[in-house]
Structures are given as C-alpha cells and as structure tokens.
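Where a number appears in this text, it was derived from the coordinates with a stated rule and is not lab data. Just so it is clear, the model here is predicted, and its values are computed rather than measured. Every residue, glycine among them, receives a Cβ derived from its backbone with ideal geometry; neighbour counts consider all protein chains shown.
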Ligand SMILES: C[S@@+](CC[C@H](N)C(=O)[O-])C[C@H]1O[C@@H](n2cnc3c(N)ncnc32)[C@H](O)[C@@H]1O
C-alpha cells in the first residue's frame, strides 16, 4: 500500500478552536488595511503616528486617512522584523510560522528575493494568501500551507531564517522552538515580535488575562522566551523593547471608530501599567 502523506498534522481541540477563530475572522482592521496595497498584516504597528489625521473634518477622508496611517504603522513593524532576518538572498528559504493572511512572507520575499513557506491553522487564511501570491505572480516562491507550526513536516535544516510575528502565544514555546531549531540550518536566524507579560510586574495582570480571553491565546512571561530558546539551540543576538514604539498605534486605533475591535483600551492599560511588553527577539540557531 502506498504511504499517504499527511498534509495536515493532527490538531488538538484547542488548535481546532484557534482555527475556527481565524477561519471566521473578518475584522475590518485586518481587511480594510490590507486592501490598500494587498499586504495583509495581522499584527500591530510601531513608530510615531501622523496625528493630524484626527483633525480631518470630512468623515470619509478622516476614515480613509486613519486606515492608511494604521496600515503604515503595521507595515513598519513587518519591515523591522524582516530587517532582522538577513542577510539573505534569492537562493535562501524562510519559514513564516503562524502566517495569517500572508503579509510577512511577501515582505520578506520583496526585501530579499527569498522563497518563503508560511503555515497557518486556518484553511481560509492559507487559501487567501495563496491567491494573493498568485495575483502578484510570486506563487513560485511564496507558498502558504494549512499546517501546524509545531509539526510542519518541512525539510530539516532547509531554512536560512524563520519567524513568529504575534503567533507564539498560541503554542508551548519548547515545542515551537524545537521545530524552529530543526528547520533552521546552523547559523540560521530566528526572529519573533510578540506581546509578553512582564515578570517584574508579577503574574499575568487582569489586562493580560482579558487579552488572552479575547484572542483565545495564552501570553507567556518574558523569561520563558529566553529559557525555552536556551533549551532549543537558539541564542539571542538582539532584544528590543517595542512597548513605547507601539503606543501611538494603539492611541490612534482607539480613535478609528470604523476599525476598533474593543480591545484597544485593554492593550493601552496593560502597556501603561507595566504588566505587558511588546518585544522583538532575534536569535541565532547554533
Ligand atoms: C495574530 S495572527 C498573526 C498572523 C501573521 N503572523 C501576521 O503577522 O500577519 C496568529 C496566526 O497564528 C496562527 N496559528 C496559531 N497557532 C498555530 C499553529 N499551531 N500552527 C500554525 N499556525 C498557528 C493562526 O492561524 C494565525 O494565522
């Protein structure tokens, strides 16, 4: 009997619930921003905001300028992450763990010319992202798969770089980093941008718990990233606290009546009371 190839590794009940969430997800903040230039980011933004958009008196123009400005800040975050993956060239392959609707892999491909494999638990996201890659004519190099990032089935040592952009809070870090360490070649680069709770505050705050409930996730403490990396051949080379840099995005998003999801004040409170941090960690696979 020929051996069948499992394209979708078995998922836990929790992972099915996460998949259901992302299969059903149609938030304007994720779709309207992406429609601007067909780069769909499902993560937050960084950098100084152009506050004059709030002075705009024409309602349609205000709405359009707010959308454009939030997209610019989200794109800046994606570019920061991509800038830490290199140097890479067109012969390299990268792995986008928890790829959403695919923006991060496109950003990496446009920057380096590299090939990319993105994985998501959501079939809807993978189909959407593959359609986008076809429309751009880059589907020969950028591919999205409905797979579990803890158990991808991809080639051992086949990747020069890999990342998680706001997707580590859905998984156990030891299992995740073991898979990144397996996929990365020696000297390969791993990068994550993530929200984590601040050990110096104590345990997870009320706000962190609210964010967990909102997204069906489980935010890890900052310390756990470094412990789990050390256990899995990933040696941090750069750590950047982006908490201050993400505040303008949230302050602006709060004012965008057409895009708010209701979680904006919780994020702002969590960052401001010191219980939550927005972190970039880059590490080398040794
Ligand atoms: C907040 S979104 C981030 C999307 C993307 N990284 C971005 O920056 O646009 C979280 C993503 O993680 C994915 N995810 C969560 N757990 C996963 C798992 N075990 N395997 C693969 N993808 C997973 C979800 O399907 C979703 O696409």
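What ratio of Cα Rg to 2.2 N^0.38 Å holds for the chain?
Normalised Rg, Cα atoms only: 0.97.
Compare the peptides 12-24, 148-160, 96-108 by average per-residue count of other Cβ atoms within 10 angstrom and give them in order, highest first.
Result, highest mean first: 96-108, 148-160, 12-24.
Given that compact globular proteins tend to follow 2.2 N^0.38 Å, what is the ratio of the alpha-carbon Rg of the range 135-286 to that value?
Here the Cα radius of gyration is 1.13 times the empirical estimate.
Any idea what angle helix 59-83 forms with the longest principal axis of the chain, computed on alpha-carbon atoms, 0 to 90 degrees, nearest 10?
Here the helix axis deviates by roughly 30 degrees.
What FRET efficiency would be calculated for the residue pair residue 135, residue 261, taking the C-beta separation as r and a Förster radius of 25 Å, to the nearest 0.05?
Between residue 135 and residue 261 the formula returns 0.40.
For the ranges 71-84, 115-128, what's the packing order if you count other beta-carbon atoms within 10 Å of each residue, average per peptide, and put the highest first?
Descending mean neighbour count gives 115-128, 71-84.
Per 0.36 nm of contour for each residue apart, how much would the distance between residue 110 and residue 57 grow if the chain were fully extended, relative to their Cα-Cα spacing? Please list the in-between numbers first.
Values: separation 53, 0.36 × 53 = 19.08 nm, distance 3.64 nm.
Length gained, residue 110 through residue 57: 15.4 nm.
So what's the angle, to the nearest 10 degrees on a 0 to 90 scale, between helix 13-24 and the longest Cα principal axis of the chain?
50 degrees
Using only the alpha-carbon atoms, how far is helix 206-215 inclined from the longest principal axis of the chain? Give it as 0 to 90 degrees, nearest 10.
It is inclined by approximately 60 degrees.
Could you tell me whether the range 48-114 comes out rounded, prolate or oblate from its Cα gyration tensor? Rule is a ≥ b ≥ c as square roots of the eigenvalues, rounded for a/c under 1.5, then prolate if a/b exceeds b/c, otherwise oblate.
Numbers: a/c = 3.70, a/b = 2.80, b/c = 1.32.
Prolate.
Against the empirical 2.2 N^0.38 Å scaling, what ratio does the C-alpha Rg of the range 91-213 come to?
1.12
Taking 0.36 nm per intervening residue step and subtracting the Cα-Cα distance, what contour gain separates residue 237 from residue 123 on full extension?
Full-extension gain reported as 37.6 nm.
By what distance, in whole Å, do the Cα atoms of the range 170-218 stretch along each of the three principal axes, largest value first?
Sorted largest first, the three principal extents are 40, 24, 16 Å.
Which whole-angstrom value gives the distance between the alpha carbon centres of the range 263-277 and the range 220-252?
For the range 263-277 versus the range 220-252, the Cα centre distance is 15 Å.
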